[in-house]
Amino acid sequence: SHPLLCPPGIKCGGVLSAPSGNFSSPNFPGLYPYETECTWLIVVAEGSSVLLSFSHFELEYHDTCAYDYLQVYNGAARDRGNLLGTFCGHSPPPPFSSAWHVMAVVFRSDRHVAKHGFAAAYKKDACGGQLTGLSGEITSPRYPESYPNDAECRWSIGGAGGGPLTLVFADFQMEGSQGCGFDYVALFDGPTVAAPRLGRYCGSARPPRTVSSTPHLLIIFKSDFNIGGRGFKAHFYSAGECQEVFTTIKGNFSSPQYPNFYPNNLKCHWSIQLPPGYRVKVFFLDMELEGQSSLTGGCDYDHLSAFDGGTENGSLLGRWCGRESLAPVTSHSNRLLLVLHTDRNTAKRGFSISYVGVVPMNVSCTRTDFHIQIPVQSLAQLERNRIYLGTPSCAAQVVGRNFKIHTRFDTCGTESQRRNNTSVIVSTLYIDFSEGDQEDIHQYEVQCEPKRKEASVTLIAGPDPSRLSQAENLVDAQQWEGEAIDTREIKSQDTSDIVFISICILAGLLMVIAVVGLVLL
């Protein structure tokens, strides 16, 4: 047999449960064997974290580490959502701090080219380390118990999203002093203390939300020889893929790394904030998350939630998991918040979503005419000729604070159709949001049933018509200047018809009186 093949009985991998320890590749510091795979699972006390560091590292190099490699997982091995990194060559991995009490390391060699391998050490509850991933949590040593004296910890966060990082303190209580000279937390806008300082904090006031200008953030915690405190708890997230605010009339977004597997341990927010009067309609183009709990039947693991009103205190519009084909969801206000929670294991493909702002409008009809009214403030940036019915020649007029279209059924591309054995008049309302070369025209079908004088409006082209399998009625629950409009139809009564009927009734009464008078005479 080949001298570098793994001899029978050589120790390779295993479970490491002591508070600290060392491990290395087989035969280290000699050459590691060919065709070997080892997995070390580090398990410390629940509630603790693991700090992993490498004192020696030399593996066969490949630009994508396709031959020999070492992988570090923030939790169980082979769960793609937990992967912190894949390494090879001569550059050692940075020190890693786990987000919970389990960490895994996988070493694999192929059948060619052996090197000297690696040596690693771990310890529980060591503070500081390299943190990667799109989101995570940091606490002072022993939190929420009092932190030790003479401690110094450095957390270097490298945002996997490539965008700025946001740090939010959930709890903060340390020794206070003028200038924070004793115990403190210092934040730097980069990977080292040479980067610009973002702040230095102590006492019991929570530091403000901090956003870096680079994909790196350095956090230093220091305590002196006496007087401590509870310490701190903070969350970080990459602002690029995991925390976004949308204010445009339409848009689209997806889970981090979509269509590849999303990371574990995420809490991501997407906030859609539109002008007053609008509502938000969300279309689920694709969704695959971890499935329901077999015990409760609920979305207890990874899930996506939608909240009305823009905060998690708003009413819950839906909570989803697994692989589903979902119907669109519409907010009741001009703000909607989507939140993705992922747990410590089992990642999936994620989701792709588009949304469109539902323009507030009042559509009514008589037996002969359409009346359409849209508040100018809802389309403040648009000229009146960008809003038209059927053809550009039937553009809106500005009357007071509203765009108005008042047109007869025999103009403006209106046509008669039969739907559900009923004659209806149909036309298309165009609202042109295009800018430069970017064409962006929203289309609403307006419909009137002349006999009943009932009108309705439906979005027929919004975020991406090719992806929307059916038009969605947009009139439900719409508010118009403080007055609730009927949920399915916007009804209007033609006043001229009422006057005509009233005159007929009056004339009939007069005739009856005249006849009675003649008989009595």
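The values are calculated or read from the model by the stated rules, or taken from the named source; none is laboratory data. Because the structure is predicted, anything quoted here is derived from the model rather than measured. Positions of Cβ are backbone-derived with ideal geometry, glycine not excepted, and every protein chain shown enters the neighbour counts. Please note that ligands, DNA and RNA were not included when accessible areas were found on the heavy atoms of the full protein model with its side chains. Shrake-Rupley method; radii C 1.70, N 1.55, O 1.52, S 1.80 Å.
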The condition of being closer than 30 Å to residue 179 by Cβ and either in a strand (DSSP E or B) or not assigned by the TED database to the domain that holds residue 144 (or both) holds, among 253, 232, only for 232
- Query: Given the structure, is residue 223 in the same structural domain as residue 151 (by the TED database), buried (at least 21 other Cβ atoms within 10 Å of the Cβ) and of a type in the set (S, T, N, Q)?
  - Reply: yes
- Message: Taking the criterion of being over 21 Å from residue 346 (Cα atoms), modelled with pLDDT under 95, open to solvent by 30 Å² or more (accessible area, probe 1.4 Å) and not in a loop (DSSP other than H, G, I, E, B), would at least one residue in region 76-84 satisfy it?
- Response: no
Restricted to region 49-75 and to residues being surrounded by 14 or more Cβ atoms within 10 Å (Cβ to Cβ) and small (Gly, Ala, Ser), the residue nearest to residue 156 (Cα to Cα) is 53
Reported set for region 395-445 where residues are surrounded by 16 or more Cβ atoms within 10 Å (Cβ to Cβ), under 23 Å from residue 357 (Cβ atoms) and over 37 Å from the mean Cα position of the chain (by Cα) is 395, 405
Check: Out of all the residues in region 306-322, is one or more in contact (Cβ under 8 Å) with a residue 40 or more places away in the chain, not assigned by the TED database to the domain that holds residue 378 and not basic (Lys, Arg)?
Finding: no
Subset of region 338-355, residues under 24 Å from residue 458 (Cα atoms) and touching an Asp or Glu at 6+ places or on another chain (Cβ under 9 Å), comes to 352, 353, 354
The strands (runs of 3 or more DSSP E) lying entirely within region 266-380 that contain at least 2 residues which are β-branched (Val, Ile, Thr) and either open to solvent by less than 20 Å² (accessible area, probe 1.4 Å) or touching a strand residue (DSSP E or B) at 6+ places or on another chain (Cβ under 6 Å) (or both) are 279-288, 350-358, 369-375
Output for Cβ contacts, cut-off 7 Å, separation at least six or different chains, first residue free of Cβ contacts under 8 Å to residues at least 60 places away in the same chain in region 345-370, second in a strand (DSSP E or B) and not hydrophobic (A, V, I, L, M, F, W, C), reads 369/406; 369/407; 369/408
